[in-house]
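What follows is a short report on a single structure.
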Amino acid sequence: MKYNTIAMLILWVCGNASISLAAPTDELVLSSTFKRLKAPETGRLAIQLTCGEGFTYPLYFYIPTITADGKYLIYHRAARGEVQLHRLTLATGQSRQLTFATCEDTQWRPWCVDSGRGVLDHRSVLNVVRGLVVYFDGNDVRAVDVETCKDRHLFTLPADREAYGQNCTTPDGNWLVYIHTPKGSIWGEPCKGAAVAAYHFDTGEQKTLCTIDSAVFHVTAYDNEHFIVTHPADHEGMMMTDMTSGQIVPLRDGDPGAKAYPIHCQVTRRGLAYEVPGARVSGLYDPLTRRRFEFPFPPEFQYIHTGLDPEGRLWFYENSSAWDKFDVHDIYALVRLDREKGDQWLRLTGNWPTYGGGQKAHFHPLLTPDRKWILFTGGDPETETSHIFLLDVSDLKDSQGIFKKLLSATGENDIVR
């Protein structure tokens, strides 16, 4: 795909310029070696963090990818028939390879393209409390210390099982929670005995949280005891399991007035943020009370990903033509919901194409811990690959009009039209 509009060329006018950001300790400190850019059409400041051959992309966008101290970005590099994890020091721009995995079959089926040998693609986890990156070298589960780069073996899955989905750690850093399935399972096809399991970093204890006859592919920690899982085999949707019950239950599915199914859902301190394309709404959901608040998204939205703000204060979305097509590919933020005057949305970028296929071609936007930037994967026309960028959103205030007090059993409230 080539850039074919003058607007897209704006992005690279300042391509070789650099930026130096002096920041207090609670803000990311960024090297002056990173490229300073202008986002297409909007002119908003963007900074390119990675470049070069192959494709680079963060850990999967439901989980942290920047260390607790804001010093390092953990990311994949897929190049020359290999995918490995790297550590980018944000203050210096220096990158170091963290993993040297040798598994020959790393593809995340059916959701991404094959990257060759190395770590199992899209399944690694950053334990921000312990400063560890957990990765899967085939059935061997290992952890590398982000600071020292010391690598150790954690455990090995049985030969007839495989790590299938995107995984997580508990907020207290004590447990790895991961998905494993019978070897060869693929979402949407018959599958008996998929499991969500947990491993304790100190004791080595393993426990099965639940089993399900579906190759589910995301598990995210809602808190230290509860976990959000997507999707069941017969439709998109979100479910919940926990440390003790052995059960997995659907969320929103079957609730009064609920229509269609969520696709992407983000865990925030306020609840689950999600979108339902079939009903053309976005929403906030409390999985413990099964109460929700939903509102319509703009008519120009097509296939969207709800961006991650762990605080649930800024609502923003990746918008594209379809999950595998990017004729339109931009980012919007919600300014305010207002029934009387009309909702206000802000387009943060114009059309910013990506390259490649599968998950490597999605923006997967998430807010950085200092709340100054949206981190995302965007296209680099110099190499016709996709790399990691920051988009300046330091001027944005919290999205207005979304409150937990608006949650209801039916999702009905006086702001929904």
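Here, each number is a calculation from the coordinates, and none is a lab measurement. Just so we're clear, the structure is a prediction, and the values are computed from it rather than from any experiment. Virtual Cβ from ideal backbone geometry, glycine too; neighbours counted across all protein chains shown.
Going by how many other Cβ atoms sit within 10 Å of their own, how do ILE186, ILE248 line up, fewest first?
Details: ILE186 15, ILE248 19.
With the sparsest Cβ surroundings first, the list reads ILE186, ILE248.
Can you compute the helix-only [θ] at 222 nm over the chain? Use -39500 (n - 2.57) per DSSP H run of at least 4 residues, normalise by all residues, nearest 500 deg cm²/dmol.
Details: 1 runs with 4 residues, N = 417.
The per-residue figure over the chain is 0 deg cm²/dmol.
Within the range 284-379, list the trypsin sites (Lys or Arg not before Pro) lying in a DSSP loop whose Cβ has at most 10 other Cβ atoms in a 10 Å radius. List each step's numbers first, then the result.
Working: sites: ARG290, ARG291, ARG292, ARG313, LYS325, ARG336, ARG339, LYS341, ARG347, LYS360, ARG371, LYS372; in loops: ARG290, ARG313, ARG339, LYS341, ARG371, LYS372.
Passing sites in the range 284-379 are LYS341.
Pull out a ≥ b ≥ c, the square roots of the eigenvalues of the alpha-carbon gyration tensor of the range 301-409, then state rounded if a/c is under 1.5, prolate if not and a/b is larger than b/c, and oblate in the remaining case. Display every interim value, and only then the final one.
Working: a/c = 2.14, a/b = 1.74, b/c = 1.23.
It is prolate, given that a/c is not under 1.5 and a/b is the larger ratio.
Counting Lys +1, Arg +1, Asp -1, Glu -1, what net charge surrounds ASN351 among other residues with beta carbon under 9 Å of its beta carbon? Write out the running numbers ahead of the final one.
Working: positive: none; negative: GLU41, ASP327, ASP330.
Charge balance in the 9 Å sphere: -3.
Which residues in the range 136-162 have a backbone N closer than 16 Å to a point placed 7 Å from the Cα of HIS200 along the Cα-to-Cβ line?
Zone members listed by number: 155.
Taking all pairs of different Cα atoms in the chain, averaging 1/r and flipping that mean, what Kirkwood radius in angstroms comes out? Let's see the in-between values first.
Working: mean 1/r = 0.0461 Å⁻¹.
Computed over the chain, the radius equals 21.7 Å.
Report the trypsin sites (Lys or Arg not before Pro) located in the range 245-278 that are in a DSSP loop and have at most 14 other Cβ atoms inside 10 Å of their Cβ, or state none.
Numbers: sites: ARG252, LYS259, ARG269, ARG270; in loops: ARG252, LYS259, ARG269, ARG270.
Those satisfying the criteria are LYS259, ARG269.
Using θ = phi - 60° and the Karplus curve 6.51 cos²θ - 1.76 cosθ + 1.60, what whole-Hz ³J(HN,Hα) does each residue of the range 287-303 get, with Gly and Pro shown as x?
Taking θ as phi minus 60°, the curve returns x, 7, 10, 6, 10, 9, 9, 10, 8, x, 9, x, x, 6, 5, 10, 9 Hz for the range 287-303.
Let a ≥ b ≥ c be the square roots of the eigenvalues of the Cα gyration tensor of the range 134-291; is it rounded (a/c under 1.5), or, if not, prolate (a/b larger than b/c) or oblate? Can you show the working numbers first?
Values: a/c = 2.08, a/b = 1.53, b/c = 1.36.
Taking the square roots of the gyration eigenvalues as a ≥ b ≥ c, the range 134-291 is prolate.
Could you give the radius of gyration (one decimal) and Dmax (whole number) of the Cα atoms in the range 179-240, in Å?
For the range 179-240, the Cα-based Rg and Dmax read 12.1, 37 Å.
Give the shape of the range 36-88 as rounded, prolate or oblate, defined through the alpha-carbon gyration tensor: a ≥ b ≥ c are the square roots of its eigenvalues, a/c under 1.5 means rounded, and otherwise the shape is prolate if a/b is larger than b/c and oblate if not. Could the numbers behind the result be given before it?
On the way: a/c = 2.16, a/b = 1.29, b/c = 1.68.
It is oblate, given that a/c is not under 1.5 and a/b is not larger than b/c.
Amide H neighbours of GLY165 under 5 Å, counting only residues 5+ apart in sequence or on other chains, H built in-plane at 1.01 Å?
ILE179
Based on alpha-carbon positions alone, could you give the equivalent ellipsoid semi-axes of the range 222-300 from the gyration tensor, as √(5λ), descending, whole Å? Provide the component values of the computation, followed by the final result.
On the way: eigenvalues 93, 37, 23 Å².
Sorted largest first and rounded, they come to 22, 14, 11 Å.
Please list the three semi-axes, largest first and in whole Å, of the ellipsoid equivalent to the range 201-352, using sqrt of 5 times the eigenvalues of its alpha carbon gyration tensor.
Values: eigenvalues 173, 56, 49 Å².
Working from the Cα gyration tensor, I get semi-axes of 29, 17, 16 Å.
From the backbone phi of the range 137-144, what are the Karplus-calculated ³J(HN,Hα) couplings (6.51 cos²θ - 1.76 cosθ + 1.60, θ = phi - 60°) in whole Hz, Gly and Pro given as x?
Each residue's phi maps through the Karplus curve to give 9, x, 8, 7, 9, 10, 9, 10 Hz.
For HIS153, HIS235, which order do you get if you count the other beta carbons within 10 Å of each Cβ and list the fewest first? Mind dumping the intermediate values first?
Details: HIS153 10, HIS235 14.
With the sparsest Cβ surroundings first, the list reads HIS153, HIS235.
Mind sorting GLU340, GLU236 by how few other Cβ atoms lie within 10 Å of their own Cβ, fewest first?
Values: GLU340 5, GLU236 16.
Lowest count first: GLU340, GLU236.
Tell me, rounded to the nearest percent, the portion of alpha carbon pairs in the range 132-226 spaced more than 17 Å apart.
Values: 2211 of 4465 pairs.
Here the long-distance tail beyond 17 Å is 50 percent of all Cα pairs in the range 132-226.
Too long at a 28 Å Cα-Cα cut-off: which of LYS71/LYS360; LYS71/LYS397; LYS71/LYS404; LYS183/LYS207; LYS35/LYS341; LYS150/LYS207? Can you show the working numbers first?
Values: LYS71/LYS360 24 Å; LYS71/LYS397 25 Å; LYS71/LYS404 33 Å; LYS183/LYS207 19 Å; LYS35/LYS341 40 Å; LYS150/LYS207 26 Å.
Over 28 Å Cα-Cα: LYS71/LYS404; LYS35/LYS341.
What does DSSP give for the chain in terms of the percent of beta bridges that are antiparallel, rounded to the nearest 5? Mind dumping the intermediate values first?
Details: 109 of 114 bridges.
Around 95 percent antiparallel, to the nearest 5.
Two-decimal Rg/Rh of the range 60-181 from alpha-carbon positions, Kirkwood Rh? Write out the running numbers ahead of the final one.
Values: Rg = 13.6 Å, Rh = 14.5 Å.
Dividing the radius of gyration by the Kirkwood radius yields 0.94.
Can you give the local net charge around GLY378? Use residues other than it whose beta-carbon is closer than 11 angstrom to its beta-carbon, Lys and Arg +1, Asp and Glu -1. Before the final figure, lay out the partial values.
Details: positive: none; negative: GLU318, ASP330, ASP380.
Charge balance in the 11 Å sphere: -3.
Enter the Cα centre distance for the pair the range 364-417 and the range 311-327, rounded to the nearest angstrom.
8
Once you compute Rg and the Kirkwood Rh from C-alpha atoms, what is the Rg to Rh ratio for the range 352-400?
On the way: Rg = 12.4 Å, Rh = 11.7 Å.
Ratio of gyration radius to Kirkwood radius: 1.06.
If r is the Cβ-Cβ distance from ASP255 to THR156 and R0 is 41 Å, what FRET efficiency results, to the nearest 0.05? List each step's numbers first, then the result.
On the way: r = 40 Å, r/R0 = 0.99.
Efficiency for this residue pair is about 0.50.
For the range 224-236, in order, what is each residue's ³J(HN,Hα) by Karplus, 6.51 cos²θ - 1.76 cosθ + 1.60 with θ = phi - 60°, in whole Hz (x at glycine and Pro)?
6, 10, 10, 9, 9, 10, 9, 10, x, 5, 8, 6, 5
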